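Student: Here you go, one structure.
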Amino acid sequence: QVQLVESGGGLVQAGGSLRLSCAASGGTFSGYAMGWFRQAPGKEREFVAAISWSGGNTFYADSVKGRFTISRDNAKNMVYLQMNSLKPEDTAVYYCARGRGIGVGTTVARYDYWGQGTQVTVSS
C-alpha cells in the first residue's frame, strides 16, 4: 500500500517562504508523476504543481507560477514544493499525490494516492 506523508507546513508572514516535503513508501515511486494540490476552507481541492516521473517536466497553476517550484529525488522517494513570496491567499491544506501513471495530470482524478495534508497559513 502506497503511503505519502507531507511535512514542512506552518505559519509564515506574507512574503515569506516554506518548503514542503512528501515522503513516499510502500510502492513504486520513480515510475509515476507526482503532484501537489491544496484545499482552502469551503473550497474545492485545486491543482498547484506537478512533476513527471523523471523530473524533466513540471507544470504549475497560474496562481503560483514563478513563486513555487516542484522537485523530486527518486533515490530518496521524496517530492518537494518550494514556496516563495507567499501570499495570504496561499493559505490552505497542501496535499501530495501520486499520479495514476507516467503522464502528468492537473486534475484530482488523475491521482490515486494522497497524503494526509499539511497546513500552510500565511498571515498578512
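The values are calculated or read from the model by the stated rules, or taken from the named source; none is laboratory data. For clarity, every value in this text was computed on a predicted model and none was experimentally measured. Neighbour counts run over all protein chains shown; Cβ positions are idealised from the backbone, glycine included. Ligands, DNA and RNA are excluded from the accessible area calculation, which covers all protein heavy atoms including side chains. Shrake-Rupley method; radii C 1.70, N 1.55, O 1.52, S 1.80 Å.
Student: Of all the residues that make up the range 1-32, how many are modelled with pLDDT of 95 or more, under 16 Å from the mean Cα position of the chain (by Cα) and part of a loop (DSSP other than H, G, I, E, B)?
Tutor: 3
Here's the yes/no breakdown for (1) buried (at least 22 other Cβ atoms within 10 Å of the Cβ); (2) in contact with a Ser or Thr (Cβ under 6 Å, 6 or more places away or on another chain); (3) basic (Lys, Arg):
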residue: Gln1; (1), (2), (3): no, no, no
residue: Glu6; (1), (2), (3): yes, yes, no
residue: Gly9; (1), (2), (3): no, yes, no
residue: Ser17; (1), (2), (3): no, no, no
residue: Ser21; (1), (2), (3): no, yes, no
residue: Ala24; (1), (2), (3): yes, no, no
residue: Thr28; (1), (2), (3): no, no, no
residue: Gly35; (1), (2), (3): yes, no, no
residue: Ala40; (1), (2), (3): no, no, no
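Student: Oh, and also: In the set Lys87, Lys76, which member is under 21 Å from Ser30 (Cα atoms), open to solvent by 40 Å² or more (accessible area, probe 1.4 Å), over 11 Å from the mean Cα position of the chain (by Cα) and charged (D, E, K, R)?
Tutor: Working: Lys87 fails: under 21 Å from Ser30 (Cα atoms).
Result of the check over Lys87, Lys76: Lys76.
Student: Identify all residues within the range 40-58 that are of a type outside the set (A, V, I, L, M) and more than 11 Å from the chain's Cα centre (by Cα); write none if there are none. Working first, answer last.
Tutor: Initially, the range 40-58 is screened for residues of a type outside the set (A, V, I, L, M), giving 41-47, 52-58.
Within the range 40-58, Pro41, Gly42, Lys43, Glu44, Arg45, Ser52, Trp53, Ser54, Gly55, Gly56, Asn57, Thr58 meet the criteria.
Student: Residue by residue through the range 44-73, note down the ones that are without any contact (Cβ under 8 Å) to a residue 24 or more places away in the chain, part of a loop (DSSP other than H, G, I, E, B) and open to solvent by 50 Å² or more (accessible area, probe 1.4 Å).
Tutor: Glu44, Ser54, Gly56, Asp62, Lys65, Gly66
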